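Take a look at the structure below.
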Amino acid sequence: MPLILKATPSRSGCSRSRRRRTTRTAPGLGPGPERSAGSPGRDEVDSCLVTSITDPATADFVFCWPLYRRGTDVYVQNAVVFLGELADAFRPTEPWLSVEPRGTVDEDGNEISEWRTTIDEVRAFLSAHP
């Protein structure tokens, strides 16, 4: 299933932030150093798209889509980040720092729902939404 991301301008510059977070999945297209929670390999990069948040200073949680690049595949999950449970403060400009490493089974042994797309599809989106 292709990854479809809709870029919409906003008052707060979310479109620029969304592009910055998305480009982390495609080395050479994004800003600066990248953190890889799963492995230090160049083609394993964890990122995310924040899908919903109120004021980060007062919010209790953030809805996001973690993006896990593994080679040419990108796995997308749906997640809630509970800000009160984070070891470090949530950084709205670097939300991927608050995303858990990719897992495929939850603590109860249930398979975590995820979608697979490709890095080429992410690059196509970035080209269409400069």
Using a basic spin-label model with each label point 7 Å from the Cα along Cα→Cβ, how many nm lie between Glu121 and Leu97? 3.0
Amide H proximity to Phe61 below 5 Å, modelled H, separation 5+ or other chain, gives Leu83
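The numbers here are math on the coordinates, done by the rules we state, and not lab data. All values derive from a computational prediction rather than experimental measurement. FYI the Cβ positions are ideal-geometry reconstructions off the backbone, even for glycines, and counts take in every protein chain you see.
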